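The values are calculated or read from the model by the stated rules, or taken from the named source; none is laboratory data. As the structure is a prediction and not an experimental result, all values here were calculated from the model. Because the Cβ atoms are built from the backbone with ideal geometry, glycine has one as well, and the counts that use them run over all protein chains shown.
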Amino acid sequence: MSDGMDVKALWPVSYGLYVVSSCADEKAGGQICNTVIQTSADPPKVLAAINKQNYTHELISASRMFAVTVLDEDTPLSFIGRFGFRSGRDFDKFEGVETETGMTGCPIVLEHAVSVFEAKVYDTADAGTHTIFLADVVSGRMVGERKPMTYAQYHDMKGRAPKAAPTYRAEEEKEPPSGGAAREKGEGMKRYVCNVCGYVYDPADGDPDSGIEPGTAFEDLPDDWVCPVCGADKSEFSPE
Ligand code: FE
C-alpha cells in the first residue's frame with residue numbers, strides 16, 4: 001500500500017494541443033487548451049476544460065458554444081504563445097491569423113490546423129480552477145495533412161504551461177541554464193525574463209530561431225525583437 005501524494009505522478013499523462021475559441025455579443029476570444037477530449041462517438045460529444053479566469057471561459061459561459069482547432073506538430077512556439085499566454089481581454093489574438101466563421105458564429109482558427117470542429121454545450125461540471133464544458137459536436141472537417149501535436153512535443157520545444165493551465169507545474173518556474181560551447185561569451189551578461197510568459201532570454205544562448213547569435217546582450221537585441229514564446233516586445237522584459 002502506498003500513501004502520500006507525489007504530484008509528479010500526473011506529469012506523464014498525455015494530452016494534445018488545441019485552440020479553443022468562442023464568441024458572445026460580438027466579442028471573440030480564443031486560447032490554447034490541452035484538455036479537449038472526445039467522450040462519445042455516436043452522437044459525437046467532446047469536453048473542454050477551461051480556466052475560470054480566462055476570457056474564453058467568459059465567452060463560452062455566455063454563448064454555450066465553442067470551436068476547436070487541432071494544432072499540427074509543426075506549430076511554432078510563437079503561435080502557441082500568442083493564444084496561450086496573452087489575454088484576449090486586452091490583445092486581439094486573431095489579428096493577422098487566418099480564421100473562418102463557423103455555423104455557431106465562433107471564429108475558427110485555420111492556421112496550423114489538422115482539423116477543426118464546433119460544439120454546443122449541453123452541460124458543465126465544476127473542476128476546481130476549471131470548468132468542464134460538455135458539448136455536442138455540430139460541425140467538423142479535416143484541414144491539414146500533418147500529424148497533431150502532442151503536449152509532450154510542445155514541452156520538448158521549451159514550451160511551458162501558463163499558470164492558468166491545468167497542467168501548470170510550479171517547479172518549472174526556474175529552469176537551469178542550458179549548456180553549450182557558446183555559453184562562455186554570454187557568461188556574466190544579465191538574463192531577462194518575459195513578464196507575460198516567463199520565457200527567459202539568456203545572452204549565452206541568444207535566440208537562434210530569430211537570428212540572434214549566442215553572446216548577444218539583451219540591450220543589444222534589435223528593437224523589433226519579440227519574445228519567441230508569446231510575442232511580447234522588449235518592454236515586457238525585466239532583469240531576472
Ligand atoms: Fe513571452
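Condition first: more than 20 Å from the chain's Cα centre (by Cα) and of a type in the set (Ser, Thr, Tyr). Can you find one or more residues in the range 21-42 that meet it? Yes, the conditions are met somewhere in the range 21-42.
Look at the range 71-81 and say how many of its residues are of a type outside the set (Ser, Thr, Tyr) and buried (at least 23 other Cβ atoms within 10 Å of the Cβ). Don't jump to the end; show me each part of the working.
Going through the range 71-81, the residues of a type outside the set (Ser, Thr, Tyr) turn out to be 71-74, 76-77, 79-81.
In the following step, the residues that additionally are buried (at least 23 other Cβ atoms within 10 Å of the Cβ) were identified as 71, 81.
Within the range 71-81, residues that are of a type outside the set (Ser, Thr, Tyr) and buried (at least 23 other Cβ atoms within 10 Å of the Cβ) number 2.
Selection over the range 177-194 of residues that are loosely packed, with under 13 Cβ neighbours inside 10 Å and either under 23 Å from GLY84 (Cβ atoms) or modelled with pLDDT of 80 or more (or both) gives a count of 2.
Among the candidates SER87, SER78, SER61, single out the residue that is part of a helix (DSSP H, G or I) and at pLDDT below 95. Just one listed residue meets the conditions, SER78. Out of the range 208-240, which residues are of a type in the set (D, E, K, R) and touching a Leu at 6+ places or on another chain (Cβ under 8 Å)? Within the range 208-240, LYS234 is the sole residue that qualifies. Take the conditions (1) touching a Ser or Thr at 6+ places or on another chain (Cβ under 8 Å); (2) modelled with pLDDT of 95 or more; LEU71 misses just one of them, which is (1).
Would you say GLY198 is crowded, with 17+ Cβ neighbours inside 10 Å, closer than 15 Å to SER238 by Cα and modelled with pLDDT under 90? Spelling it out, GLY198 is indeed crowded, with 17+ Cβ neighbours inside 10 Å, closer than 15 Å to SER238 by Cα and modelled with pLDDT under 90.
Counting only strands (runs of 3 or more DSSP E) wholly contained in the range 94-165, the ones carrying 1 or more residues that are small (Gly, Ala, Ser), surrounded by 17 or more Cβ atoms within 10 Å (Cβ to Cβ) and more than 21 Å from the chain's Cα centre (by Cα) occupy 130-142.
If you go through the range 1-48 and keep only what is buried (at least 20 other Cβ atoms within 10 Å of the Cβ) and among the aromatic types (Phe, Trp, Tyr), you end up with just TYR18.
Within 26 Å of VAL226 (Cβ to Cβ) and of a type in the set (A, V, I, L, M, F, W, C): is that true of ILE80 in this structure? Here the answer is yes, as ILE80 does meet what is asked. The residues listed here are ASP207, ASP233, ASP202; of these, the one that is within 12 Å of the ligand (Cβ to nearest atom), closer than 23 Å to ALA161 by Cα and either in contact with a Ser or Thr (Cβ under 9 Å, 6 or more places away or on another chain) or hydroxyl-bearing (Ser, Thr, Tyr) (or both) is ASP207.
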